[in-house]
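Enquirer: Got a structure here, written out as structure tokens. Questions coming.
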Amino acid sequence: MRRGAILLVLSLAGQAFGQDNSGLDLLTTRDDLRGWEPVGRVDIENGGFCTGTLIAADLVLTAAHCVIDADGSPVDAGRITFRAGFADGLSLTEAAVVRTIVPPGYRRIEPAPAEVIRLDVALLQLGKAIPSAVISPFAVALPGAGAEVSIVSYAAGREDALSWQRVCKVLARQDALIAVDCDVTYGSSGAPVLDRSGYRAKIVSIISAGSSVDGKAVAIGMELPAVVDALKAALRRGEATSEVPQPETNVKRIIVGGGDDIGARFVSP
């Protein structure tokens, strides 16, 4: 998680810091993980990790800066693995990433201004779909009107298992950004900010950047539906920021009636 623009917090969030949040629950057993199976660790070979969430059978949602290097070049999709429900060296299931995509206007800038944070979203396409009978993906939605959210994440110092903060506060919303005072740090990039007011939690933002105000942690995310829909459409068009090359197949064509061919040939079993 990076340090980024927090002008909306400075201008709007003063009184919210007095509210108490819940602590962190470490999710290490299968029972602990029940309901949070779509959240997993996005591991980059020789490059650290982020938090990601399954939003379709073969699509993981995370932050764009997790798959774009500091020099602006894409991280090779072949170096990325999604480990759903990773805890103490074991995963509920794992899948290699074959394609990544980020918004065309995204640029890796430090510190990130508001217009960059709004685009700090990536989709990772998996090489194999994860059946809904194994893991049921989370839906993406606009933030509700409530002041409370929940967050599940990995982070530096607690990277071996998910941590769940049952309740943290929405500090401010402004220009398609959302500021929360959830307990996140490096590794929490891409972590889902969840609205749990309905029957099942929905992702209303993901963590992009963080800082502190008056000694209190502040994290910034963005509204998701429009940018996620645009990225899905781009994938359907065959676009990608990084893609694992597909092996060539040598297929021999049989031309019936061409040249000296005398017609279709049949082979006895």
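Yes or no, residue by residue, for (1) in a strand (DSSP E or B); (2) farther than 20 Å from ARG236 by Cα; (3) of a type in the set (A, V, I, L, M, F, W, C):
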{"residue": "VAL42", "(1), (2), (3)": "yes, yes, yes"}
{"residue": "LEU54", "(1), (2), (3)": "yes, no, yes"}
{"residue": "ASP71", "(1), (2), (3)": "no, yes, no"}
{"residue": "ALA96", "(1), (2), (3)": "yes, no, yes"}
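Enquirer: Checking SER163 against (1) surrounded by fewer than 20 Cβ atoms within 10 Å (Cβ to Cβ); (2) over 16 Å from LEU61 (Cβ atoms): exactly one of these is not met. Which one?
Expert: Evaluating SER163 over (1) surrounded by fewer than 20 Cβ atoms within 10 Å (Cβ to Cβ); (2) over 16 Å from LEU61 (Cβ atoms) leaves (1) as the failure.
Enquirer: Another question about this same structure. Can you go through ARG118, ARG99, ARG108, ARG83 and tell me which one is touching a His at 6+ places or on another chain (Cβ under 8 Å) and surrounded by fewer than 24 Cβ atoms within 10 Å (Cβ to Cβ)?
Expert: Testing whether each residue is touching a His at 6+ places or on another chain (Cβ under 8 Å) and surrounded by fewer than 24 Cβ atoms within 10 Å (Cβ to Cβ) leaves just ARG108.
Enquirer: Could you tell me which of the residues LEU231, LEU194 is surrounded by 18 or more Cβ atoms within 10 Å (Cβ to Cβ) and outside any helix (DSSP H, G or I)?
Expert: Step by step, each of LEU231, LEU194 is checked, and only LEU194 is surrounded by 18 or more Cβ atoms within 10 Å (Cβ to Cβ) and outside any helix (DSSP H, G or I).
Enquirer: List pairs: first residue in region 28-44 and basic (Lys, Arg), second residue buried (at least 17 other Cβ atoms within 10 Å of the Cβ) anywhere in the structure, Cβ distance under 6 angstrom, at least six positions apart or on different chains.
Expert: Pairs found: ARG41/PHE49; ARG41/ARG83; ARG41/PHE86; ARG41/TYR154.
Enquirer: Right, something else. Among the residues of region 97-116, count how many are within 18 Å of VAL228 (Cβ to Cβ), β-branched (Val, Ile, Thr) and at pLDDT 95 or above.
Expert: The total comes to 4.
Enquirer: Being part of a strand (DSSP E or B), in contact with a strand residue (DSSP E or B) (Cβ under 6 Å, 6 or more places away or on another chain), surrounded by 10 or more Cβ atoms within 10 Å (Cβ to Cβ) and modelled with pLDDT under 95 is true for just one of SER188, SER208. Which residue is that?
Expert: SER208 is the lone residue from the list that is part of a strand (DSSP E or B), in contact with a strand residue (DSSP E or B) (Cβ under 6 Å, 6 or more places away or on another chain), surrounded by 10 or more Cβ atoms within 10 Å (Cβ to Cβ) and modelled with pLDDT under 95.
Enquirer: Here is a further query. Take ALA133 and decide whether it is of a type in the set (Gly, Ala, Ser) and assigned to a loop (DSSP other than H, G, I, E, B).
Expert: In short, yes.
The values are calculated or read from the model by the stated rules, or taken from the named source; none is laboratory data. Predicted, not measured: the structure shown is a model, and the values here were computed from it. Glycine gets a Cβ as well: all are built from the backbone with ideal geometry, and neighbour counts include every protein chain shown.
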